[in-house]
1. Hey, rough spin-label estimate for Arg198 and His160, points 7 angstrom out along Cα→Cβ, what's it come to in nanometres?
2. Fully extended, how many nm does the chain gain between Leu95 and Arg300 (0.36 nm per residue separation, minus their Cα-Cα distance)?
3. Given the peptides 120-128, 93-101, 371-379, arrange them by the average over their residues of other C-beta atoms within 10 Å, most packed first.
4. Report the net charge of residues surrounding Gln73, where surrounding means a beta-carbon distance below 15 angstrom and charges are Lys +1, Arg +1, Asp -1, Glu -1.
5. May I have the extent of the alpha carbons of region 162-266 along their three principal axes, as whole Å values ordered from largest to smallest?
6. Return, for the Cα atoms of region 77-145, the radius of gyration and Dmax in Å, separated by a comma.
7. Based on the mean of other Cβ atoms within 10 Å per residue, sort peptides 274-281, 225-232 so the most packed one is first.
8. For Asp358, Asp200, what's the largest-to-smallest order of accessible area, 1.4 Å probe?
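The values are calculated or read from the model by the stated rules, or taken from the named source; none is laboratory data. A quick note: this is a predicted structure, and the numbers were derived from the prediction, not measured. Neighbour counts are summed over all protein chains in view; Cβ atoms, including those assigned to glycine, are modelled from backbone coordinates with ideal geometry. These accessible areas exclude ligands, DNA and RNA; they are computed on the full protein's heavy atoms, side chains included. Shrake-Rupley method; radii C 1.70, N 1.55, O 1.52, S 1.80 Å.
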Amino acid sequence: MTLAAPATNPATSPVANPATSPVANPATSPAAGPVAAVPQALAAVPRPLVAGRARAAPRPLLDPLLLVGGDQQHIVTRAQLRALGVPSGTIAHRLRPGGPWQRVLPRVVCLQTGRLTTHQRLRAALAYAGPKGRPAPQAGEVLLTGAAVLADAGLPSAGHPADLTEVDVLIPGRRRVADRGFVRIHRARGAMPGGFERDDGLWSTSVARALADLAPRESGRRRFRALCAEAVQRRHCELGELLDQLLARPDARELTGLARVVEELTAGVRSVVEGEARDAVRGAGLPEPLWNPVLLLDGRFLAVPDAYWPQACVALEIDSRAWHLRPADHERSLTRANRLTAAGLPVVRTTPVQLRRDPGPVLHELAVLLSAGPHGPHDRVTWRRAR
């Protein structure tokens, strides 16, 4: 705590009151003259204590800065530092090699040394992408997008947030900011989308928009198919919302693999392995099945198989613990297949490895059943498409 120096009261000060001062009233002074009164006058003047001067020192310059830095996980901009009154020389001194601060990105400073946390990297990326010269971007003015949003949502194919090597940020199209360090800049075409504030205080796009922004660099890869399928399967976005975002890109027709992803999602495919099974079925010349339909037996829910041929009443189940979201999902998959069999539907079971290495036997079994159908309770089974 900073203490102020004690104030002097002119009415009680021995120097300021002529009536009581030994210098001002020679008649009452024991000294014979003005020369003798000088030592007494010096003795009467109170001398400030050294401790008093220490307590009266001005408040440290960085007190408000530390408060702001703590609230922002120690990530601040140069504009914020200058707005708090920190001189440029002080900033440069503290950013020197071996100093207590570190430069993270252009115009972005961390008020501590050492490796940045995941949250600090995200906050630094937003600070860098914000308007220059302003202490901080306004709410929703710059948004996290891409892999950072998908990893935070928990999509398995996006990986853990701590493992991300790059941070995607969406900014208005008119702004001029380049990729720098670990920050990848995306520019909005038209108005910025409506973002939302996360629990950690950072602003983000929706999962559907994050996938659309990721499409130019990922649409031709297997991982992008998985991310889109997982987003819909885990209910992080509606199918229609995702399709709207993907198709709204002006370069949608030019992006390798994007049309394929859209087609699979529209058909009901909800995983990469189902997409591979669809490719195998098409390659063998078999009829196109329904993917992930909701089957009803006598109007009551029966199951949601991976694929179903309504004309023949035949189901396909792809068993793989690795491709199910949780161990409980794998158990439900086995129970579902047993329920279909108990209802009288022939079920062909396979694994992702079989489909990739030797799909011939599975495709042959399907062809035989399809040609011999319809089977079982064909007239009692109805269906509706996957959501």
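1. Between Arg198 and His160, the simple spin-label model gives 1.6 nm.
2. That pair, Leu95 and Arg300, stretches by 67.0 nm at full extension.
3. Highest mean packing first, the order is 120-128, 371-379, 93-101.
4. That sum, taken over residues with Cβ under 15 Å, equals +1.
5. Principal extents (largest minus smallest coordinate, Cα): 34, 32, 29 Å.
6. 12.3, 36
7. 225-232, 274-281
8. Most to least solvent-accessible, the answer reads Asp358, Asp200.
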